[in-house]
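S.K.: Quick one: this structure, given as structure tokens, is what I'll be asking you about.
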Amino acid sequence: MDAARRSTPVSTLDQRTRVLLEAPVLPTLLKLAAPNMLVMLAQMSIGLVEVYFVAHLGVDALAGASLVFPVLSLISALSQGSVGGGVVTAIARALGRGQRAQANQLVWYAVAIAAFFGLLTSTVILSAGPLFYRAMGAEGASLAVATTYSGMVFGGAILIWVFNLLLAAVRGTGNLLLPVAIVCGGAVILLPLSPTLIFGLGPLPAFGVAGAAAAILLYYAGGSLCFALYLWGGSGVLRPSAKPPRLAWTPFREILGVGGMSALVSATTNLTIAIITAYVGTEGVAALAGYGAGARLEFILVPLSYGIGGPAGILIGTNIGARQGGRALRTAWITVLLSALATEAIGLAAATWPAGWIGSFSGDPAVLAIGTTYLRTVGPFFGFFGMGYALYCVGQGTGRMAWPVAGAVTRAAIAVVGGAAAIRLGANLDHIFIAVSLGMASFGLLSLPGLFHRSAYGVLQRRSAARGPTADESNPGVRQYGDT
């Protein structure tokens, strides 16, 4: 039935798009998930490697760099997962419709968005960064390190945005092997490059923390060049024009509509953990350390969930574009089930053997006790996090983010308000952790109604079928985004 509704003959599609439209869903999803998860883990490790080498410069250097790292992680999350998710799924839907010309133009829209947000990031952080780092407790030498490192890294923020949005353009075609090669290859090069620039080697002087910043910028610059050569060199599905087309508002709205809503999910996730950390910190250093060790496990859930959900967004977007709503819906259900089962397995294992995880960070009895309490209270609810995050990725594929955003915002509200109430009423940490658990459950459950409603799969498909293929759907070269 889905094949009969497809507006573009299969013979006109490239082989990679045909796989997304025709190959068995579960094997295809798993085949794409493995390299996507590897990219996520490699991206996370890059920041950790930087902090590890900078730590050898002393306590002040470690403190200053540690304040910049969360900001860098946030910008990376916004550019790769949020706005990048908008680019991925916009290109996937265009290719599913057989609109290769429009998919090619979307690469230029990604570059324009990267330039705008890159300059905005530089402007905001270079002006407000020192005030933020000072408010977080940096002073003297640590403030100087934070300002120097931040100034260099975010002075070149456009490279971070270009890298991640060109990566997203490649991912939108279903090609996840090239991102693995470039991201992991860059990480391997960064391992010797970073300490060389930080500590010097032979005639090369030691640049200290400035060397660490330079290494990161060289990584993003080199990776951006590789993606650009691949895209404009005609080696893949997309072949953008040498010169930018005349830009229109509609594609920006399509990308940023998804990206903006996705940013709310990323922001509330990080904000929730930050506020709960502050609540727990009122109980002392041991409580903070115990919670921090347990909460680190939550950060592992993100690459795991996105490793499964990211490829699902590509599959769903491509099939929505091809009017294969039934296949898109099946992909969504399989994705939610896989992500929920995988994260729940981790949560149950952590709740059953909490000392195995907490003990790897600290052997202090108080830290172990609080960390164990956290994992035994919250761990059984990890499956809801996996469900909610998978539905967030599914929403990117359909272009409908309302339910996942509602779930994420509700999760933050329950955890933050519940935790504050527990402190005001003089309750112990158990009650704060219960609020965290209930918030996590709400993230998954409130994201689910959109999948039951099926509006993004059935209604849009019936409307498209009723009005018939448009001129550019029948002939992708007739009308392009820049035309009026």
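The values are calculated or read from the model by the stated rules, or taken from the named source; none is laboratory data. Just so it is clear, the structure is predicted and the values come from calculations on it, not from any experiment. We place every Cβ from the backbone using ideal geometry, glycine too, and count neighbours over all the protein chains shown. Accessible surface areas use protein heavy atoms only, side chains included; no ligands, DNA or RNA. Shrake-Rupley method; radii C 1.70, N 1.55, O 1.52, S 1.80 Å.
S.K.: Run the numbers for SER362 and LEU177: contour at 0.36 nm per residue of separation, minus the present Cα-Cα distance, in nm.
M.R.: 62.8 nm
S.K.: Okay, next question. Debye sum, Cα scatterers, segment 373-425, no solvent: what log₁₀ I/I(0) at q = 0.17, 0.30 1/Å?
M.R.: For segment 373-425 at q = 0.17, 0.30 Å⁻¹, log10 I(q)/I(0) is -0.65, -1.10.
S.K.: Additional query: How large is log10 I(q)/I(0) at q = 0.20 Å⁻¹ when the Debye formula is applied to the Cα atoms of segment 120-251, each weighted equally and without solvent?
M.R.: These q points yield log10 I(q)/I(0) values of -1.15.
S.K.: Consider just the alpha-carbon atoms of segment 309-420 and return their Rg together with their Dmax, both in angstrom.
M.R.: Cα radius of gyration and Dmax of segment 309-420 are 17.5, 58 Å respectively.
S.K.: Summing -39500 (n - 2.57) over the DSSP H runs of n ≥ 4 in the chain and dividing by its residue number, what mean residue ellipticity at 222 nm do you reach, to the nearest 500 deg cm²/dmol?
M.R.: Calculated from helices alone, the mean residue ellipticity at 222 nm is -27000 deg cm²/dmol.
S.K.: For the peptides 356-363, 243-250, what is the packing order when you average, over each peptide's residues, the other Cβ atoms within 10 Å and list the highest mean first?
M.R.: Going by the mean number of other Cβ atoms within 10 Å, highest first, we get 356-363, 243-250.
S.K.: Next question, about the same structure. Provide the solvent-accessible area of ILE158, counting protein heavy atoms only and rolling a 1.4 Å probe, rounded to the nearest 10 Å².
M.R.: Answer for ILE158: close to 60 Å² accessible.
S.K.: Leaving out ligands, DNA and RNA but keeping every protein chain, what accessible area does HIS56 have, in Å² rounded to the nearest 10, with a 1.4 Å probe?
M.R.: It works out to around 110 Å².
S.K.: Let me ask another. I'd like the FRET efficiency for TYR52 and TRP249, computed as 1/(1 + (r/R0)^6) with the beta carbon distance as r and R0 of 25 Å, rounded to 0.05.
M.R.: The pair TYR52/TRP249 has a calculated efficiency of 0.05.
S.K.: Determine the dipole magnitude for the chain: charges of +1 sit on the beta-carbon of Lys and Arg, -1 on that of Asp and Glu, nothing else is charged, the reference point is the Cα centre, and the result goes in debye to the nearest 20.
M.R.: Dipole magnitude for the chain comes out near 1880 debye.
S.K.: On the full set of protein chains, 1.4 Å probe, figure out the accessible area of PHE116 and give it in Å² to the nearest 10.
M.R.: PHE116 exposes around 130 Å² with every protein chain in place.
S.K.: Which of rounded, prolate, oblate describes the chain, given a ≥ b ≥ c as roots of the alpha-carbon gyration tensor eigenvalues and a/c under 1.5 marking rounded, otherwise prolate only if a/b is larger than b/c?
M.R.: Taking the square roots of the gyration eigenvalues as a ≥ b ≥ c, the chain is oblate.
S.K.: In terms of the ratio Rg/(2.2 N^0.38 Å) built on C-alpha atoms, what value belongs to segment 26-166?
M.R.: The value comes to 1.25.
S.K.: Residue-wise, which Karplus ³J(HN,Hα) couplings in Hz belong to segment 247-262, taking 6.51 cos²θ - 1.76 cosθ + 1.60, θ = phi - 60°, and x for glycine or proline?
M.R.: Those phi angles translate into 8, 10, 6, 4, x, 4, 5, 5, 6, 6, x, 6, x, x, 5, 5 Hz.
S.K.: Starting from the residue with the highest accessible area, list ASP364, ASP14 in decreasing order, probe 1.4 Å.
M.R.: The ordering from most to least exposed comes out as ASP364, ASP14.
S.K.: Taking the Cβ of PHE382 as the centre, find all other residues whose Cβ is under 15 Å away and add up their charges (Lys, Arg: +1; Asp, Glu: -1).
M.R.: After counting each charged neighbour, the total is +1.
S.K.: When only Cα pairs under 8 Å and 6 or more residues apart are kept, what is the percent relative contact order across the chain?
M.R.: 21
S.K.: Please give the Cα centre distance for segment 165-227 versus segment 8-78, rounded to the nearest Å.
M.R.: Cα centroid of segment 165-227 versus Cα centroid of segment 8-78: 13 Å apart.
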